[in-house]
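The values are calculated or read from the model by the stated rules, or taken from the named source; none is laboratory data. Bear in mind that the values here come from a model prediction, so they are computed numbers and not experimental data. Glycine also receives a Cβ, built like all others from the backbone with ideal geometry; neighbour counts cover every protein chain displayed. Side chains are part of the model used for accessible areas, which takes the heavy atoms of the whole protein and leaves out ligands, DNA and RNA. Shrake-Rupley method; radii C 1.70, N 1.55, O 1.52, S 1.80 Å.
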There are 2 protein chains.
Amino acid sequence: MLTLFFSPGTCALATHIALEEVGADYTLSRIDFGKDQQNAPEFLKLNPKGRVPALVTDAGVLTETPALLAWVAQTWPEAGLAPLHDPFAFARVQAVNSYLCSTVHVAHAHGRRGYRWADDPAAHEAMREKLPASMSACFQIIEDSMLEGPWMFGDTYTIADPYLFTIARWLDMDGVDMAGFPKVAAHFEAMQERPAVAAALKGQGL
Amino acid sequence: MLTLFFSPGTCALATHIALEEVGADYTLSRIDFGKDQQNAPEFLKLNPKGRVPALVTDAGVLTETPALLAWVAQTWPEAGLAPLHDPFAFARVQAVNSYLCSTVHVAHAHGRRGYRWADDPAAHEAMREKLPASMSACFQIIEDSMLEGPWMFGDTYTIADPYLFTIARWLDMDGVDMAGFPKVAAHFEAMQERPAVAAALKGQGL
């Protein structure tokens with residue numbers, strides 16, 4: 001049995017969608033950021049980093065979206081969510097997820113979580129000011145050199161797709177018009193037509 | 001044949017060490033950040049993100065350290081650098097690498113690359129001021145809840161080890177005394193005794 005610790009609309013949505021895609025048997029446990037539950041002692045025992053997603057499995061706790069997505073693909077290989085036995089192709093999928101995690105998500109985080117990297121409120125404001133530009137720069141690279149369409153890797157739906165969708169959902173709040181990235185916008189529309197995406201969004205109350 | 005595009009001492013060192021560990025046949029191509037070569041048109045053709053590492057393989061270009069490290073482990077499975085056929089154990093290794101990439105490396109980058117997330121020089125200064133605290137917080141988590149010792153995953157050396165070593169090398173420049181993290185310091189010493197690490201450091205002129 002699996003329990004996914006999540007907060008609605010965060011990057012935990014990517015793993016949630018992947019679990020739906022493979023038909024996993026799981027339950028949800030909501031972490032309320034408004035009550036700082038991610039830093040509560042009982043949650044820090046599960047994940048000392050104080051972040052979501054965290055997935056409790058029979059073998060132990062797993063964290064970090066790129067690791068969780070690859071785990072889903074490996075655990076349900078019949079779902080075909082990653083080219084598990086082609087190291088080059090698998091590395092390309094993982095490179096997309098690593099970029100989304102370490103560059104695009106990080107750019108987004110400067111909008112509301114600037115306190116991670118500076119204490120001065122004026123610095124947080126400077127970060128918020130640059131947010132639309134830095135997110136646009138990331139998505140321009142995705143649009144121009146990564147997203148093959150209709151899915152990230154052409155006709156093959158992979159674990160990169162729910163992750164891109166999850167982060168593309170944040171563009172509006174980051175002050176970026178998705179219409180400026182037509183391939184991303186088409187991907188976003190196509191994702192919403194997948195039953196797994198609809199189920200995950202509904203499960204998170206989104 | 002492989003060509004690793006690197007800049008000395010950057011996160012490309014992790015992949016460089018891994019290539020040495022498996023005895024890969026590769027050549028090095030240095031990108032001079034001082035001359036902004038990472039943004040030169042010929043390099044952007046290889047990697048539109050304008051970053052190192054980039055690894056040119058016979059099949060194409062690969063980027064992003066966590067993806068490259070897993071690729072090395074998969075391509076030379078006999079080296080045993082990752083538990084490739086145990087999805088849970090593999091996910092734990094990947095979770096460490098994802099944390100190093102998206103949280104620890106990102107914390108470090110606020111020391112010199114604050115321009116990525118804010119335009120105001122005062123904000124860059126505020127980021128530099130917080131750098132020792134944010135890096136220390138990351139390494140406290142590594143020390144307390146991740147690093148089993150002597151290697152990240154106990155007696156088994158994995159692709160997480162060269163990555164931790166690469167980032168631990170930055171602590172001094174980030175104003176953090178590694179001695180405050182005894183397990184990290186012992187790991188750092190043990191790494192330097194590995195021939196692959198010595199070869200990679202020498203290859204980068206470090």
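Taking the conditions exactly as written (open to solvent by less than 20 Å² (accessible area, probe 1.4 Å), within 14 Å of chain B (Cβ to nearest Cβ) and either of a type outside the set (S, T, N, Q) or in contact (Cβ under 8 Å) with a residue 24 or more places away in the chain (or both)), does A:Val22 satisfy them or not?
Numbers: open to solvent by less than 20 Å² (accessible area, probe 1.4 Å): no; within 14 Å of chain B (Cβ to nearest Cβ): yes; either of a type outside the set (S, T, N, Q) or in contact (Cβ under 8 Å) with a residue 24 or more places away in the chain (or both): yes.
In short, no.
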key: Long-range neighbours under 9 Å by Cβ, at least six apart or interchain, first residue touching a residue at least 24 places away in the same chain (Cβ under 8 Å) within segment B:108-126, second of a type in the set (Ser, Thr, Tyr)   = B:His108/B:Ser134; B:His110/B:Ser134
request  = Kindly list the number of the only condition in (1) farther than 24 Å from B:Phe139 by Cα; (2) within 14 Å of the chain's Cα centre (by Cα); (3) not basic (Lys, Arg) that fails for B:Ala67.
outcome  = (1)
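Restricting to segment B:29-48, count the residues that are touching a strand residue (DSSP E or B) at 6+ places or on another chain (Cβ under 6 Å) and either of a type in the set (Asp, Glu) or buried (at least 16 other Cβ atoms within 10 Å of the Cβ) (or both).
Here is the first cut: in segment B:29-48, the ones touching a strand residue (DSSP E or B) at 6+ places or on another chain (Cβ under 6 Å) are B:29, B:31, B:46-47.
Now narrow it down to the ones that are either of a type in the set (Asp, Glu) or buried (at least 16 other Cβ atoms within 10 Å of the Cβ) (or both): B:31, B:46-47.
Qualifying residue count, segment B:29-48: 3.
Yes/no per residue for (1) open to solvent by 20 Å² or more (accessible area, probe 1.4 Å); (2) farther than 30 Å from B:Ala118 by Cα; (3) touching an Asp or Glu at 6+ places or on another chain (Cβ under 9 Å); (4) at the interface with chain B (Cβ under 7 Å from one of its Cβ atoms):
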{"residue": "A:Leu62", "(1), (2), (3), (4)": "no, yes, no, yes"}
{"residue": "A:Leu81", "(1), (2), (3), (4)": "no, yes, yes, no"}
{"residue": "A:Leu84", "(1), (2), (3), (4)": "yes, yes, no, no"}
{"residue": "A:Leu100", "(1), (2), (3), (4)": "no, no, no, no"}
ask   = Out of the residues in segment B:109-129 that are facing chain A (nearest Cβ under 7 Å) and among the aliphatic types (A, V, I, L, M), which is most open to solvent (accessible area, probe 1.4 Å)?
value = B:Ala122
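Among the residues of segment B:67-74, is there at least one that is open to solvent by 30 Å² or more (accessible area, probe 1.4 Å) and within 11 Å of another protein chain (Cβ to nearest Cβ)?
Going through segment B:67-74, the residues open to solvent by 30 Å² or more (accessible area, probe 1.4 Å) turn out to be B:74.
This time we only want the ones that are within 11 Å of another protein chain (Cβ to nearest Cβ), so: B:74.
Scanning segment B:67-74 turns up at least one residue that is open to solvent by 30 Å² or more (accessible area, probe 1.4 Å) and within 11 Å of another protein chain (Cβ to nearest Cβ).
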ask   = Looking at (1) at the interface with chain A (Cβ under 7 Å from one of its Cβ atoms); (2) open to solvent by 40 Å² or more (accessible area, probe 1.4 Å), which is the only condition B:Val106 fails?
value = (2)
query = Taking segment B:169-182, which residues are under 20 Å from B:Cys101 (Cα atoms) and in a helix (DSSP H, G or I)?
reply = B:Met178
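Please work out which residue is farthest from A:Asn39 (Cα to Cα), limiting yourself to segment B:152-168 and to residues that are of a type in the set (Val, Ile, Thr) and assigned to a helix (DSSP H, G or I). Don't jump to the end; show me each part of the working.
Pass one, segment B:152-168, residues of a type in the set (Val, Ile, Thr): B:156, B:158-159, B:166-167.
Subset that is assigned to a helix (DSSP H, G or I): B:166-167.
On the way: B:Thr166: 29, B:Ile167: 26 Å.
So, considering only residues that are of a type in the set (Val, Ile, Thr) and assigned to a helix (DSSP H, G or I), the one farthest from A:Asn39 (Cα to Cα) is B:Thr166.
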remark   = Within segment A:87-98, residues among the aliphatic types (A, V, I, L, M) and surrounded by fewer than 19 Cβ atoms within 10 Å (Cβ to Cβ) come out as A:Ala89
